[in-house]
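Report on one structure; see the data block that follows.
The values are calculated or read from the model by the stated rules, or taken from the named source; none is laboratory data. Bear in mind the structure is a predicted one, so any value in this text is a computation, not a measurement. We place every Cβ from the backbone using ideal geometry, glycine too, and count neighbours over all the protein chains shown. These accessible areas exclude ligands, DNA and RNA; they are computed on the full protein's heavy atoms, side chains included. Shrake-Rupley method; radii C 1.70, N 1.55, O 1.52, S 1.80 Å.
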Amino acid sequence: MWQTIWFIIRSTIISSAPIGYAALGGVFNERSGVVNIALEGILLVSSFGYVAGAFFGHSAWWGLFWGIMAGLLLSLIHAVATVTFKINHIVSGVALNTIAIGVTRMLSLVMFGQETQSKTNSYTQIFGMDIQWLVALMLFLVIAPLSYWLLFKTSLGLRLRSVGENPEAADSLGISVEKMRYTGVLIGGVIASLGGIALYPTIWQSGISGGRGFIGLASMILGNWMPIRSVLASTMFGFADAIRLLDFVKAYIPDEFLTALPYVLVLVVLAGLIGKARPPRADGVPYVRGE
Amino acid sequence: MPKKKTNNIKYFLLSLVAPVVGILISAILLFFLILLIRKGSISDTIHAFYIMGQTLTSTQDLGYIIARAEPLVISGIAAAIAFRAGVFNIGTEGQYYIGGLVASIYAIYFSFKSPSLHWLNVIFVVIFAMLGGALWALIPAILKVKKGVHEVITTIMMNQIAYTTAKYFVNGPLSGVKGGESLEPKTMNFPAAVDFHRLYDIFHGHFPFPKYIPLYESLFIAAIIVFVAYIIIFYTNWGFEIEMLGTNPNATKYSGVPPKVVVFNAMLWSGAIAGLINIQEIFGIKGYYTHHMTSGLGFDGIAVALIGYNNPIGVVLAAFLFGFLRTAGYNLQFELGIPNSTMDLITGFIIIVMVIASVAMNRYISKLRRKEVLSEAGDR
Amino acid sequence: MPGDIILKMENITKRFPGVLANDHINFDLREGEVHALVGENGAGKSTLMKILYGLYHPDEGTIYIKVDGELKPVKFKNPQDAIKHGIGMVHQHFMLVYGLTTIENIILGYEPSAVIDFDTAKKEIQKIMDESGLHVPLDVDVEVLSVGQQQRVEILKVLYRKAKILILDEPTAVLTPQETDELFNIINRLKEQGHSIIFISHKLHEVMAIADRISVMRKGRLVHTMPKSEATKEKIAELMVGHPVLLDVPRPNVTPGETILEVENLTVESDTKGVMAVDNVSFYIRAGEIYGIAGVEGNGQAELIEAIYGLRPPKGGKITIKGEDITGKPTHVIRKKGVSHIPGDRHKFGVFLPFTLADNSILGHHREENFAKYGIFRKFSNIAQWAREIIKKFDVRTPSEKVPMSALSGGNQQKFVVGREISFEHELMIAAHPTRGVDIGAMEFIYRQLFEEKKQKKAILLVSADLDELLLLSDRIGVMFKGKIIKELDNTSRQVTPKEVGYYMLGGDVEIHEDSDIAGGEQSA
Amino acid sequence: MKKVFTIITVLALVLTLGLMGCGQSQTSNQNSGGQASGEPKLKVGVVFDIGGRGDKSFNDSAYRGLVKAAKELGGYIKDDPDNVNYGTNIEMKYLEPKQGGSDREQLLRKLAENGYDLVIGVGFAFTDAIKNVAKDFPNVHFAIIDSCYSPDEHPANVTCLLFKEQEGSFLVGAIAGYKTETNKIGFIGGMDIPLIRKFMVGYEAGAMYVNPELRKDGAIMTAFVSDDPGQAWNNPPKGKEIAISQYDQGADIIYHAAGGTGMGVFEAALEKNKWAIGVDSDQGLILATSDQEKDREMAKHIITSMLKRVDTAVYTIIKEMYDNGKVDAKVMEFGLKENGVGYAYNDYNKDLLDPIKPQVDELKQKIINGEIKVPATDDELQQFKASLGQ
């Protein structure tokens, strides 16, 4: 019995970490007014970045560096496309997800000589701790509270939120909407990149992100665009993922039900049937000064 | 008068700048990517471009380009109809999963078994696929109109639920995996009277492409959709009202056109057409349904619609561009071992570059136009 | 007592495409004074203030600010620069971030430190609140505050930034009389504390009540600056309106026919819940009659039109057209009953800029058999023909009906809209500010067209901020004040004077009773 | 704007160059072409499944079949990163499908169109695709691994290559039965499908046969990774989780039949210092000889692997085609007898296995002789269990 409980806890933490990071990344993006469905792609490239970086750099630190750089670069493209050039956020996100699949597989072939998966990376420890666990636990113990603190207790966070809610007002107070949105997208990108690292630092495989970026988006909505609540919502998904393997769950609940549940919940919340979800008002709306 | 004509040609040419720029920049990127993959061999890289060029001249490849463009055409039109109304239906992805599923249920349980009634089956497949797609668009449509929930969020969720729903039906009630055989999950096979016929067979050999090119009756359906969409968008008041709403919701309201009704209709029709996106694969190539069919066609359609300026003709052209990229991608993979993923990368890149370029060009064109009309009218 | 000049704007010029928004404007502000800036919509007040606040950059001219007791030229690249120089602006449309708390809104962009010490900030704000008398709850989402409270937050924002110069852009437009009173008390208190205030308004009685000096703007120019002692409402009104070239358009003599539009006890809610924008209004218009609605903008005219036109469901009352009840009916039904509408803001409501003139020529009637077979398939030749007729008949300057609307100049766009609405079969024409933003030529043309309408025995509801226009055109004039038609004037033989209308526009008798403590000191005609 | 562009360009350059540099330092530089001139006598095309090259399991096993054919028959593999080239008799080429694998059929077509004489689909996911393509190219020979058709639907130009996975699994099950100290063992399958159940049932049967303790309920823990093909075979994180859970519940040996997901099982074994059993390839050997330290560490925890000689099957069919110029529409089954399945015995695990090797080989002989009939389905397993008694 206690093994089952221990398994559920453990598995929930590991399963929810990538989702939670993606959700947090989404929070920073959308709080600044940029919709980012490229979170899925960020998970994928950062996971690749970690494995490749650690593999060739012979150190988990290099993995960490390249993992974050990869996610950051993808976010930067998103920021340039949506904030500077003001193209549709969804289109940019869709394109970036495609690019993420393409670029990782291509680089895998070039670097590892095989397209669908990397070679095994031996460097998965930092300070003698397993990096996957370290990063996963960091989410709950450090990153989530830190994100809350950053968003709600610092001037940067205040400004970030203001451009997501009412860029015109922020602009009227001398806050650069573009700069803040870049900040939001890039911070979000770094955070989501950690999710890619928490995914599986030993091997990268094509398709390893497995839709977790989208589940992250769902968590973010269920968490009402609040950092800690979004992370908690992601643990719900992680929990569902953990228990679906248990025999007694399998016996009584169709797997499809568990898979669909989070999304249905999001719809229910959005419809205002339970609680209330309110996206930032200027979410996804390009800001053009004038009028 | 003649001056005006040259102007129209000029504007048309200007509107081509964005695609051309996009393709050129992407070609440059592709050059370097291939160089990277082929470890710096310039001759290989040039050969790669030669192969891509050949793709356009081989009959067989042309057939593939058409076949691969077909679902994207439908997907692009579905997306374009919503976009024209200012509704961002990114749920076409889920809508075609459900459209295909509903049509499959018809095919398995309710279809006519007599081969002579095949044409009726085709019609019903189309109807049920459209119903399924519309059904899946209904929830986001209602949530948007009644509760003001943004369709992007709801349709993303509906996409995920669609996949799960399809999976449930494939693994459960419709499962066609027979004991002892180790097959991927799929439904029961459709009756032969439902399976779409090959164009090659229909034309009894008077057909330019080899028999094995996967071109089916569904090509007609795609053609009809393009035609009807073109008529609706440019020749009917439905299209006009959709365009009104997409351009200026306030003025639409002032013109006595209720925006909510238009949004609702646009969403449902977009979903209905989206239901048809993958009937080629389901009823032509496969002859059974599986949730593990080609995915991402909905998202590709969004890009196709945007690159094609939401215009049915533009959508067809953009879909052909994608079809070409894919076909060329297989040729590169086959001939040079350049992975198909390179083409994914290029496709995504083209989307971003083209959309950026077209946003910039549109701004420039309308500025230019205003200047010209003002000077021509001698007004100010 | 007002002191030295602390702000000077010299020769400020700002051009927008096709418009000279500010034409060599000279403006100054003294320490501890309230300097009112008045003028009609589009006179250039907002542009001038946006330049002062760093949101726009002037094409010509210099701004001087007193720094260390000396006037120095400054250049504001952005609002931050302006804020640094002690300028604060309270925008007409509040620049509040909903979803943030009051305190967050106040400190936004001017946070005390990177990590916000909310307690210290709160203490500081509390101090400002006590000094200025602006009290608001600090820890709630600003969204839940009342309009008056939100405005206080706006002022607090400015004070928190230690602004010496406050720009209040039409601050009373959204306030109830009580709130206005309180605002004026606060302004006086701020003045005493040495703040200088630029007060933008077009409500003359308010200007007279609060200002020390008054500057009047008209058509991009600052036409006159005077101390309050030299000012009267009439004088200001005259300066505001100016003396336009008198358009001598002969008014046709038409005997009114049957009643076309009848509005009974109409009550309409404004965007703010619970506030009635239109309050128990009744009037009627007969065939061949022009009924003018006069009033300072924001007194319910817009909501009245929206209710009649079916865009805003009324709270109470009844609207009939030729005896047929249309209350709460949707717009397309109402249009079908014979209502045409020239909207006040054509870009927003009247046209689709990217559409061709042809497409713009049939809006709202596009389903008619003449324009569409079975109401569905569009008949392009008929539509083009129709558009060409409008273009020809209403003298719209354009190479053809195939160009996009955006390519036309404002005057031609308006002529096209007017022509379109007139050309449709209708009984009632609602014309809202039909000549706003057009040149004299187009103006005269539009007047003639409206008279032509009258001859055709149409009923016309004319809403305009332009008094001359109203007096020239209307047979009867209803003056709206705070949602009510407080006076109806007979103008069949053009006997009404601007003075008379102006008196009621400013509230007339009503105002003297209600706002006695503010306006009591002053005597109106 | 300009600034942003510059920054992006520089970043992109730095990244690509950086990664490129890293990449080149590791992978050996080869010249690109490498193919000798002259028309090959036979052209063989292979389409891998989504796991792709480098899965250290199923697809890699098929790849070794190609290498063997190249070596023995004198051929080369076109566009191969490892540049396998032993002559020009046979040209071989493999393609990998896209992520998600939806383009399997298109790749098969590509090969068939371009004059490949024999086209092999590696994995049951090709069942329908091969059927469709075979119809269109009657002159091309096809082979499918792990799947077949009912006799009335069997296309005339398709050969099915099937394995008796239950037999090999029986042997590794027996090894687990002998080796377990906790009397609890585990099994992790990729997907709950009949094919994977053959692995599971054979394993259980073997374990129960040699170790009565394992006949108790709950002594053998079984789990499947996912019922979504996209998540089942490429999911090492999940594999690791499940394995850890089974180890925590007392299992000391886990057998996986989950393709790439198995890497997670090995990692769990390493982390928990328990045992694992590989599948398809000799995974212990592959990992033990890897250039990666972690692979070698993991290898120390792999007792053995159930060998599914996809390589043998691939080689056999290529050879037949090479020798006869055609293959028949038949079903080839590879069991212990044909040396198509087995268990891995190598330099690295021989110390472990030597004590029990005689018994295991005896079992093997019994199966080949038909003395033991290994169950392949759940029902058969129940009967088998009943025949053993408690």
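For the stretch B:132-174, which residues drop by 50 square angstrom or more in accessible area between the chain on its own and all protein chains together (1.4 Å probe)?
B:153, B:156, B:157, B:160, B:161, B:164, B:167
Calculate, for the protein assembly as shown, the solvent-accessible area per residue in square angstrom, rolling a 1.4 angstrom probe over the heavy atoms of the protein chains.
37 Å²
Mind checking the dipole of the stretch C:87-206: about its Cα centre, +1 per Lys or Arg Cβ, -1 per Asp or Glu Cβ, Debye to the nearest 20?
For this selection, approximately 400 debye.
For the stretch B:160-300, report the translational diffusion coefficient in µm²/s to the nearest whole number, using Stokes-Einstein at 10 °C, 1.306 mPa s, and a Kirkwood Rh over Cα pairs.
For these conditions, the coefficient is 87 µm²/s.
Ranked from the most accessible area to the least, with a 1.4 Å probe and all protein chains present, what is the order of D:152, B:61?
Sorted descending by solvent-accessible area, the residues read D:152, B:61.
Quick one: angle between helix C:440-455 and the longest Cα principal axis of chain C, in degrees between 0 and 90, rounded to 10, please.
That helix lies at roughly 50 degrees to the long axis.
Show me the ranking of peptides C:332-338, D:74-80, D:255-261, A:231-237 by mean Cβ neighbours inside 10 Å, starting with the highest.
Descending mean neighbour count gives D:255-261, A:231-237, D:74-80, C:332-338.
Can you send over the carbon and sulfur percentage of the accessible area for the stretch A:15-272, probe radius 1.4 Å, protein chains only?
For the stretch A:15-272, the apolar C and S fraction of the accessible surface comes to 71 percent.
How much net charge surrounds residue A:238 when only other residues with a Cβ under 13 Å from its Cβ are counted (Lys, Arg +1; Asp, Glu -1)?
+2
If we sort D:81-88, C:392-399, C:160-167 on the protection proxy, mean other Cβ atoms within 10 Å, highest first, what's the order?
C:160-167, C:392-399, D:81-88
Given the -39500 (n - 2.57) contribution per DSSP H run of 4+ residues, what per-residue ellipticity at 222 nm results for chain B, rounded to the nearest 500 deg cm²/dmol?
Computed ellipticity for chain B at 222 nm equals -23000 deg cm²/dmol.
Hey, what D do you get for the stretch A:157-214 in µm²/s if you plug the Kirkwood alpha-carbon radius into Stokes-Einstein at 4 °C and 1.567 mPa s?
In µm²/s, the coefficient is 97.
With chain D treated as a Gaussian network of Cα nodes joined by springs under 10 Å, which of D:199, D:187, D:224 yields the largest mean-square fluctuation?
Evaluated over chain D, the most mobile residue of the options is D:224.
For a Förster distance of 51 Å, can you work out the FRET efficiency between the beta-carbons of residue C:122 and residue B:20, rounded to the nearest 0.05?
0.30
If each DSSP helix of 4+ residues adds -39,500 (n - 2.57) and the sum is divided by the residues in chain D, what number results at 222 nm, nearest 500 deg cm²/dmol?
-14000 deg cm²/dmol
Could you tell me the calculated FRET efficiency between residue B:27 and residue D:338, based on Cβ-Cβ distance and R0 = 51 angstrom, to the nearest 0.05?
0.45
In what sequence, largest accessible area first, do D:208, A:226 appear using a 1.4 Å probe?
So, going from the largest accessible area down, we get A:226, D:208.
If the protein assembly as shown were replaced by its equivalent ellipsoid, with semi-axes equal to the square roots of 5 times the Cα gyration tensor eigenvalues, what would those be, largest first, whole Å?
71, 37, 29
Place a +1 charge on the Cβ of each Lys and Arg in the protein assembly as shown and a -1 charge on the Cβ of each Asp and Glu, then give the dipole magnitude about the Cα centre in debye, rounded to the nearest 20.
The dipole of the protein assembly as shown has a size of about 2380 debye.
According to a simple spin-label model (label point 7 Å from Cα along Cα-to-Cβ), what is the distance in nm between residue B:116 and residue C:425?
About 5.3 nm, to one decimal.
Using only the alpha-carbon atoms, how far is helix D:310-324 inclined from the longest principal axis of chain D? Give it as 0 to 90 degrees, nearest 10.
With rounding to tens, the tilt is 60 degrees.
Please compare each pair in D:78/D:272; B:144/C:157; C:66/C:122; B:186/D:357; C:348/C:457 to a cut-off of 32 Å on the Cα-Cα distance and tell me which ones are over it.
D:78/D:272; B:144/C:157; B:186/D:357
Using only the alpha carbon atoms of the stretch D:42-163, find the Kirkwood hydrodynamic radius as the inverse mean reciprocal pair distance, in angstroms to one decimal.
Taking the inverse mean of 1/r over all distinct Cα pairs, the stretch D:42-163 comes out at 14.4 Å.
Could you give the radius of gyration (one decimal) and Dmax (whole number) of the Cα atoms in chain C, in Å?
So, for chain C, Rg and Dmax equal 24.8, 76 Å respectively.
Need one number: buried accessible surface between chains D and A, 1.4 Å probe, both sides summed, DNA, RNA and ligands left out, in Å² to 100.
Buried: approximately 4400 Å² between A and D.
For chain A, what class follows from the C-alpha gyration tensor (a ≥ b ≥ c being the square roots of its eigenvalues): rounded when a/c is under 1.5, otherwise prolate if a/b is larger than b/c, else oblate?
Because a/c hits 1.5 or more and a/b fails to exceed b/c, chain A counts as oblate.
Placing +1 at every Lys and Arg Cβ and -1 at every Asp and Glu Cβ, with all other atoms neutral, what dipole size does the stretch A:15-272 have around its Cα centre, in debye to the nearest 20?
320 debye
On the protein heavy atoms, probe 1.4 angstrom, tell me the percent of accessible surface of chain C carried by carbon and sulfur.
In chain C, the share of accessible area belonging to carbon and sulfur is 50 percent.
Quick check: the angle from helix C:410-423's long axis to the longest principal axis of chain C, C-alpha only, nearest 10 degrees?
Tilt relative to chain C: about 40 degrees.
Under the classification rounded if a/c is under 1.5, otherwise prolate if a/b is larger than b/c and oblate if not, where does the stretch B:265-365 fall, given a ≥ b ≥ c as square roots of the Cα gyration tensor eigenvalues?
Note, shape of the stretch B:265-365 comes out oblate.
Test of understanding: in a Gaussian network model of chain D with alpha carbons linked when under 10 Å, which of D:69, D:134, D:329 would top the mean-square fluctuation ranking?
It is D:329.
Considering protein heavy atoms only and a 1.4 Å probe radius, which residues within the stretch A:242-271 exhibit an accessible-area decrease of no less than 20 Å² in the full assembly relative to the chain by itself?
Checking the loss per residue gives A:245, A:250, A:255, A:256, A:259, A:260, A:263, A:267, A:270, A:271.
With the full set of protein chains in place, find how many percent of the accessible area of the stretch D:42-163 is carbon and sulfur; take the probe as 1.4 Å.
Percent of accessible area from carbon and sulfur atoms in the stretch D:42-163: 45.
Which one of C:390, C:144, C:347 is farthest out on the positive end of the charge dipole of chain C, using unit charges on Cβ (Lys, Arg +1; Asp, Glu -1) and the Cα centre as origin?
The one lying farthest along the dipole's positive direction is C:390.
Among C:123/C:162; C:14/C:75; B:253/C:315; D:93/D:337; D:274/D:364, which pairs are too far apart, with a Cα-Cα distance over 18 Å?
As for pairs spanning more than 18 Å Cα to Cα, those are B:253/C:315; D:93/D:337; D:274/D:364.
Under a 10 Å cutoff between Cα atoms, tell me which one of B:358, B:43, B:15 has the largest fluctuation in the Gaussian network model of chain B.
B:43
Could you compute how much accessible area chains B and D hide from each other, both sides summed, with a 1.4 Å probe? Nearest 100 Å² is fine.
Chains B and D together bury approximately 3300 Å².
At a Förster distance of 41 Å, what's the computed FRET efficiency of residue B:123 paired with residue D:368, Cβ-Cβ distance as r, to 0.05?
My answer for the efficiency is 0.10.
Which shape class, rounded, prolate or oblate, goes with chain D when its Cα gyration tensor gives a ≥ b ≥ c as root eigenvalues, a/c under 1.5 marks rounded, and past that a/b bigger than b/c marks prolate?
Oblate.
What base-10 log of the normalised intensity I(q)/I(0) is obtained for chain B from the Debye formula, alpha carbons as equal point scatterers, at q = 0.08, 0.11, 0.12, 0.14 Å⁻¹?
-0.47, -0.86, -1.00, -1.27
How many square angstrom of accessible surface are buried between A and B, both sides summed, with a 1.4 Å probe and rounding to 100?
Buried area (both sides, nearest 100 Å²): 3300 Å².
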